[in-house]
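**Student:** Below: one structure in structure tokens.
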Amino acid sequence: MDFPNCTEGVFATSSGDYDSLETTKPPPSKILLTLTLSVLAILTTFFNCLVITAIAVTRKLHHPANYLICSLAVTDLLVAVLVMPFSIIYIQKESWVMGQVVCTIWLSVDITCCTCSILHLAAIAIDRYRAITDAVEYSRKRTGARAGAMVAVVWLLSILISLPPLLWRHYSRDADHEDQCIIIHHHMAFTLYSTLGAFYIPLLLILILYYKIYRAAQTLYMRREASRASRHSCMTNGSMIPSSYPAGDGDVDGGPRSPEPISPPEKSFSEPSTEEPPRERVRVSVKAFHCKSRRHESRSESRRSQFYQGPRISGSRERKAASTLGLIIGAFVICWLPFFVKEVIVNTCSSCSTSVEMADFLTWLGYLNSLINPLIYTIFNEDFKKAFQRLVRCSHYL
């Protein structure tokens, strides 16, 4: 994202240097860099198209929450198609060669789409927070129209954040930088306005909301485990008594067994049959009684093992939720924080500057978030996994 807070000299080169570049062959490092960035742009296009197609053709994914994911994928797709290719040409040529009209359009799309992508992440965090903390009430309000309204608000805020710097560039055009496509300003107000609105406020909101989501999920798991324990206690209370076992039938450690349910008496004890001798009937009935007792014992043991595995399962779920949230927040912070820290430092410190290579690297590190978003927001969802598998296998389904 070629953000509006760029310093003089970034991507700048003299006309004489540009003429010499046209007559010389690009070095291998420049070719390798161009190929690498092109691969990133292609992968970003592919994965975001995959997400959009999966949501469009899979009926099970037609949910208001996934509309925000689809809108995020559309925004990141615009970054891949309309922003990255021009940036690759800009880096390869080291000068803007496509005219000022195209430059204005590119800057507008760049700033707006990158800001919109970041604000989409905040909107998804708000939606998930409401869904987990007010599930019953929010499930009635969570409609397609409400999701569409959230998308419209996100795009409107992105335009409002991006428009003032673009207007400033239009009215303060500098003839000394005709071969560049940047926005040059030295006003603290623009720095605060653009960086706070496009990154720092959404970052703070995302951190707070995902922390609350994790705490709410933790509380929900604890309540479910308490509910399971209460149901297990009600199931066994009053119907269990300690059982005595012959030597060798107890547990391996020799400790007492848990109470077992009393098996109902076998029918053969009370209703003698005329088809068998009495001793045979007693022998068979005792054998059947022991078989049934063992079946009850195995069922009770299985029930107890499931009960005692509950906290372990809950712990694994909490770890999975924590790792998922960590990936979402970590990817966002790693991709965009260095760029915006650089913007604040460069535009508040008159003696500070960055090299062209560092500016390119930080810009593309932010673009990389558009490649990561469709992966981390869908890969942990089983419905998305199945939809991707069917799309890759070219299966036709509804």
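The values are calculated or read from the model by the stated rules, or taken from the named source; none is laboratory data. What you are looking at is a predicted structure, and each value in this text was computed from that prediction instead of being measured. Ideal geometry is used to build each Cβ from the backbone, glycine not excepted, and the neighbour counts take in all protein chains shown.
Table: residues versus (1) within 30 Å of ALA135 (Cβ to Cβ); (2) at pLDDT below 95.
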| position | (1), (2) |
| --- | --- |
| THR36 | no, no |
| ASN48 | yes, no |
| SER71 | yes, no |
| ILE88 | no, no |
| GLN92 | no, yes |
| VAL97 | no, yes |
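**Student:** Filter region 1-34 down to the residues that are assigned to a helix (DSSP H, G or I) and among the hydroxyl-bearing types (Ser, Thr, Tyr), then identify the one that is modelled with the highest pLDDT.
**Tutor:** Only one residue fits best here, namely THR34.
**Student:** Okay, next question. For region 52-151, which helices (runs of 4 or more DSSP H) that fit wholly inside it have 1 or more residues that are touching a Lys or Arg at 6+ places or on another chain (Cβ under 9 Å) and within 18 Å of ILE376 (Cα to Cα)?
**Tutor:** Helices (runs of 4 or more DSSP H) meeting the threshold: 64-78, 99-133.
**Student:** If we keep just the residues of region 376-398 that are closer than 14 Å to ALA56 by Cβ and surrounded by fewer than 11 Cβ atoms within 10 Å (Cβ to Cβ), which is modelled with the lowest pLDDT?
**Tutor:** The selected residue is LEU398.
**Student:** Another question, then. Got a number for residues in region 324-353 being under 20 Å from LEU40 (Cα atoms), within 16 Å of the chain's Cα centre (by Cα) and crowded, with 16+ Cβ neighbours inside 10 Å?
**Tutor:** Summing the residues that are under 20 Å from LEU40 (Cα atoms), within 16 Å of the chain's Cα centre (by Cα) and crowded, with 16+ Cβ neighbours inside 10 Å in region 324-353 gives 6.
**Student:** Being of a type in the set (S, T, N, Q), surrounded by 22 or more Cβ atoms within 10 Å (Cβ to Cβ) and under 24 Å from ALA123 (Cα atoms): is that true of ASN373 here?
**Tutor:** Here the answer is yes, as ASN373 does meet what is asked.
**Student:** Is it true that THR378 is closer than 19 Å to ALA331 by Cα, in a helix (DSSP H, G or I) and in contact (Cβ under 8 Å) with a residue 40 or more places away in the chain?
**Tutor:** no
**Student:** Here is a follow-up. Of all the residues that make up region 100-112, how many are without any contact (Cβ under 8 Å) to a residue 60 or more places away in the chain and not β-branched (Val, Ile, Thr)?
**Tutor:** Selection size over region 100-112: 1.
**Student:** For residues that are surrounded by fewer than 17 Cβ atoms within 10 Å (Cβ to Cβ) and among the hydrophobic types (A, V, I, L, M, F, W, C), scanning just region 354-367, find the one that is farthest from ILE329 (Cα to Cα).
**Tutor:** That would be VAL356.
**Student:** Looking at (1) surrounded by fewer than 17 Cβ atoms within 10 Å (Cβ to Cβ); (2) farther than 22 Å from PHE361 by Cα; (3) in contact (Cβ under 8 Å) with a residue 24 or more places away in the chain, can you tell me which one LEU121 breaks?
**Tutor:** Going through the list (1) surrounded by fewer than 17 Cβ atoms within 10 Å (Cβ to Cβ); (2) farther than 22 Å from PHE361 by Cα; (3) in contact (Cβ under 8 Å) with a residue 24 or more places away in the chain, LEU121 breaks only (1).
**Student:** Next question, about the same structure. Give the residues of region 46-83 that are more than 17 Å from the chain's Cα centre (by Cα), surrounded by 22 or more Cβ atoms within 10 Å (Cβ to Cβ) and not β-branched (Val, Ile, Thr), sorted by residue number.
**Tutor:** Scanning region 46-83 gives a single hit, ALA80.
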